[in-house]
Ligand SMILES: NC(=O)c1ccc[n+]([C@@H]2O[C@H](COP(=O)([O-])OP(=O)(O)OC[C@H]3O[C@@H](n4cnc5c(N)ncnc54)[C@H](OP(=O)(O)O)[C@@H]3O)[C@@H](O)[C@H]2O)c1
């Protein structure tokens, strides 16, 4: 008799010395066959047995129960994760987002209108200010700080895109300044610098372009640009892409601009990185 999974002639040898009266089952599973367990499970317990084989097969209703339990567990875990996210989103939407420091210390959350002091006459450089957080930072600093100038250091863009971004920052900071005469005080000028943090040469060029500007100061340097979860890749110098852009490019930029900031500290005012 052939064992169906492994096709080994076995049944007759196995039983010939015990009882010739035993009828071979319609399908015989060889006791030591490595495939027999899988095939038994696949057959959902309906596999025919050798009368001398004491293995217990899993009945169909147990398999269904186990399957239902696993699926149920997965649904509960997914729902818990989604509900936690949803609850957090609803809380932030309804009650705002106190930062971690304020949660721990009982201090109040950061309020741009209250916490951004006057920055009139100061100069700020923000990397990646075309992105969400950088752009909002530029808007809030322009609105409440009223700096002399914000440098947006970002990937190269055409003139129309740069103008549109500058208009958006100015509009959100001050409203339509042509018609809104209530907006008093100086307005911040927005300037662009080309910067590709994945290339150390363009980082050097960006720093040189900044140093060559007429404004002889740099009060605040905000290293905001960054990437996350990019496909595996390398910078032009062969560094891992996240490390190269988020860390190395910014490290070089700040190193090249620190002398300018140190010079600024000799003038009245503040200096931050
Ligand atoms: N949003 C969040 O919840 C969150 C949370 C934790 C940390 N962060 C970090 O905060 C920073 C800003 O976040 P975001 O949400 O505003 O990101 P975003 O919208 O993706 O903006 C990133 C900015 O960086 C620029 N950039 C990308 N690669 C660059 C490169 N090689 N050289 C120069 N500039 C480059 C982008 O320019 P393009 O627009 O031309 O690509 C963009 O202006 C990032 O570093 C991010 O990792 C964000």
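Brief remarks follow.
- The gain in end-to-end length when the residue 258 to residue 214 segment is fully stretched comes to 14.1 nm, 0.36 nm per residue minus the alpha carbon separation.
- Residue 231/residue 204 FRET efficiency (R0 25 Å; Cβ-Cβ; nearest 0.05): 0.40
- Packing rank of 225-237, 191-203, where each peptide gets the mean count of other beta carbons within 10 Å, highest leading: 191-203, 225-237
- Between residue 71 and residue 240, the simple spin-label model (points 7 angstrom out along Cα→Cβ) gives 4.0 nm.
- Its alpha carbons give region 117-265 an Rg and a Dmax of 15.9, 53 Å.
- Gain in span if fully extended, residue 132 to residue 89, counting 0.36 nm per residue against the direct Cα distance: 13.7 nm
Every number here is computed from the coordinates shown, using simple stated rules; none is lab data. Note that the structure is a prediction, hence the values are computed from the model and not measured. Don't worry about glycine lacking a Cβ; one is built from the backbone with ideal geometry, like all the others, and counts go over all protein chains shown.
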